[in-house]
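*Asks:* Here it is, the structure, as structure tokens.
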């Protein structure tokens with residue numbers, strides 16, 4: 001997942017996004033907060049090699065982190081959810097080395113702080 005097009009493709013492929021998916025960040029955000037075509041008691045997204053995720057495009061990387069955080073918060077709220085229950089939505093970002101994990105956490109914190 002080195003550029004935005006690949007990220008959008010990988011999410012579309014992994015989540016079987018509907019044909020009307022718009023192939024942009026807003027469309028990904030909308031789909032991650034809907035998922036009506038993929039009903040589940042909970043969702044787990046696993047991203048391998050997360051330290052290399054959009055590594056050359058900080059703006060896109062931060063946008064993706066904010067989208068994932070919004071989806072987590074959306075599903076955690078029982079308002080508007082089926083049966084009025086919160087649905088677990090977890091994103092697991094896997095890194096190969098501890099120092100990659102530290103840098104990734106710092107980058108996520110910057111993305112979420114700057115997105116306010």
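*Asks:* Among helices (runs of 4 or more DSSP H) lying entirely in region 1-101, which contain 2 or more residues that are closer than 20 Å to residue 113 by Cα?
*Replies:* Qualifying helices (runs of 4 or more DSSP H): 25-32, 58-76.
*Asks:* Looking at (1) in contact (Cβ under 8 Å) with a residue 12 or more places away in the chain; (2) assigned to a helix (DSSP H, G or I), which is the only condition residue 105 fails?
*Replies:* Just one mismatch for residue 105, condition (1).
*Asks:* Can you tell me which residue in region 65-79 is farthest from the chain's Cα centre (by Cα), limited to those that are surrounded by 15 or more Cβ atoms within 10 Å (Cβ to Cβ) and without any contact (Cβ under 8 Å) to a residue 40 or more places away in the chain?
*Replies:* Ranking the candidates gives 72 first.
*Asks:* Scan region 80-100 for residues that are surrounded by 12 or more Cβ atoms within 10 Å (Cβ to Cβ), in contact (Cβ under 8 Å) with a residue 12 or more places away in the chain and under 19 Å from the mean Cα position of the chain (by Cα) and jot them down.
*Replies:* Once the filter is applied, which keeps residues that are surrounded by 12 or more Cβ atoms within 10 Å (Cβ to Cβ), in contact (Cβ under 8 Å) with a residue 12 or more places away in the chain and under 19 Å from the mean Cα position of the chain (by Cα), region 80-100 yields 87, 88, 89, 90, 91, 93, 94, 95, 100.
*Asks:* Another question, then. Can you name the condition, by its number, that residue 62 falls short on among (1) surrounded by 15 or more Cβ atoms within 10 Å (Cβ to Cβ); (2) modelled with pLDDT under 95?
*Replies:* (2)
*Asks:* Give just the number: which of (1) over 30 Å from residue 98 (Cβ atoms); (2) touching a strand residue (DSSP E or B) at 6+ places or on another chain (Cβ under 9 Å); (3) touching a residue at least 24 places away in the same chain (Cβ under 8 Å) does residue 35 not satisfy?
*Replies:* Of everything listed in (1) over 30 Å from residue 98 (Cβ atoms); (2) touching a strand residue (DSSP E or B) at 6+ places or on another chain (Cβ under 9 Å); (3) touching a residue at least 24 places away in the same chain (Cβ under 8 Å), residue 35 misses just condition (3).
*Asks:* So, residue 15, is that one surrounded by 11 or more Cβ atoms within 10 Å (Cβ to Cβ) and at pLDDT 95 or above or not?
*Replies:* Against the criterion (surrounded by 11 or more Cβ atoms within 10 Å (Cβ to Cβ) and at pLDDT 95 or above), residue 15 qualifies.
The values are calculated or read from the model by the stated rules, or taken from the named source; none is laboratory data. Given the structure is predicted, the values throughout are model-derived calculations rather than measurements. Cβ sites come from the backbone with ideal geometry, for glycine too, and all protein chains shown count toward neighbours.
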